[in-house]
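Notes to accompany the following structure.
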């Protein structure tokens, strides 16, 4: 009887301890959605603007000489998954000296937030890019994109070849079977049906820091300010649910989809600059050579010390070949 009482008390203590730890974790990591108006002061100062497009208030920055001041074809920059237009800050400083530069928060990400119909198909994204170009009255334009943004770029080039003049693919996704060496923890959580629900309310900064460090060739370059930005973008109202929706709608292990996308890549006619970080563990560098083998008119540059987002990690080194390529 005494042993039974002792075991009962031990069980009560263990349950109480577990409950206390859960309460502490919730208090420590509680991060509910934050409305847009609480984020714009820091993350959307001038020259940021919001335009009404396809049922969304789309966050973009439109910089450099206007069409009246420059004969150069404008360039649109597309970020990757869970990123924002801020990822291109370093490139824009150089590009806007030569041409009009438009960068945008894609639906589901950044300050633009969720797509109204929760449609995150690649066809939908390509349609969005073309609608954006129409809104800005761009008859023709160059497209540059990183990761998901690169995939959207070549989808758009395939859908509207008469509009897209040149492509810049930076560690682009899609087209080939993915054999990632390491996946950011935030992506793993978003993929997990059980854990992803908690992510809508609980988000440790350590998860964000680890995920950003994972895609840098040199994790020591990840600063507190950078973590602040990715964290703020992640908790923008609706973005975490959008990330879950996109992953659910995009089965990268679908052989039929991979085959169809590769056929699209092989049909591209635009001159294409392929940039890749050799230390990319999410989309390994051998994908760069697959793109190079399939795109007829291409140039390839590999950056030995950089990771999955080389344009953010070392803007000066990575934008240099872009300036030359666009000037040709």
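The values are calculated or read from the model by the stated rules, or taken from the named source; none is laboratory data. Being a predicted model, the structure only gives us computed values, none of them experimental. FYI the Cβ positions are ideal-geometry reconstructions off the backbone, even for glycines, and counts take in every protein chain you see.
The set of residues from the stretch 187-202 being in a helix (DSSP H, G or I), closer than 26 Å to residue 219 by Cβ and more than 13 Å from the chain's Cα centre (by Cα) comprises 188, 189, 190, 191, 195, 196, 198, 199. Taking the stretch 292-319 as the range and being assigned to a helix (DSSP H, G or I) and without any contact (Cβ under 8 Å) to a residue 40 or more places away in the chain as the test, the residues that pass are 292, 293, 317. The set of residues in the stretch 156-174 that are under 17 Å from the mean Cα position of the chain (by Cα) and surrounded by fewer than 24 Cβ atoms within 10 Å (Cβ to Cβ) is empty.
Test residue 179 against the stated conditions and say whether it is in contact (Cβ under 8 Å) with a residue 12 or more places away in the chain, crowded, with 19+ Cβ neighbours inside 10 Å and either in a loop (DSSP other than H, G, I, E, B) or in contact with a strand residue (DSSP E or B) (Cβ under 6 Å, 6 or more places away or on another chain) (or both). In short, no.
All of (1) in a loop (DSSP other than H, G, I, E, B); (2) on the phi < 0 side of the Ramachandran plot; (3) modelled with pLDDT of 95 or more hold for residue 137 with one exception: (2).
Going through (1) surrounded by fewer than 19 Cβ atoms within 10 Å (Cβ to Cβ); (2) under 20 Å from the mean Cα position of the chain (by Cα); (3) not in a helix (DSSP H, G or I) one by one, residue 217 falls short only on (1).
Any residue at all in the stretch 152-171 that is in the same structural domain as residue 289 (by TED's automatic domain parsing), assigned to a helix (DSSP H, G or I) and either farther than 21 Å from residue 266 by Cβ or out of contact with any helix residue (DSSP H, G or I) (no Cβ under 7 Å at 6 or more places or on another chain) (or both)? Yes, the stretch 152-171 contains at least one residue that is in the same structural domain as residue 289 (by TED's automatic domain parsing), assigned to a helix (DSSP H, G or I) and either farther than 21 Å from residue 266 by Cβ or out of contact with any helix residue (DSSP H, G or I) (no Cβ under 7 Å at 6 or more places or on another chain) (or both). Could you say whether any residue in the stretch 246-256 is surrounded by 22 or more Cβ atoms within 10 Å (Cβ to Cβ) and at pLDDT below 95? Looking for residues that are surrounded by 22 or more Cβ atoms within 10 Å (Cβ to Cβ) and at pLDDT below 95, one finds at least one in the stretch 246-256, hence yes. Inspect the stretch 276-287 for any residue being surrounded by 17 or more Cβ atoms within 10 Å (Cβ to Cβ), in the same structural domain as residue 164 (by TED's automatic domain parsing) and assigned to a helix (DSSP H, G or I) and give the result as yes or no. Checking the stretch 276-287: at least one residue is surrounded by 17 or more Cβ atoms within 10 Å (Cβ to Cβ), in the same structural domain as residue 164 (by TED's automatic domain parsing) and assigned to a helix (DSSP H, G or I). Of the listed requirements (1) surrounded by 20 or more Cβ atoms within 10 Å (Cβ to Cβ); (2) under 17 Å from the mean Cα position of the chain (by Cα); (3) farther than 30 Å from residue 201 by Cα, residue 236 misses just one: (3).
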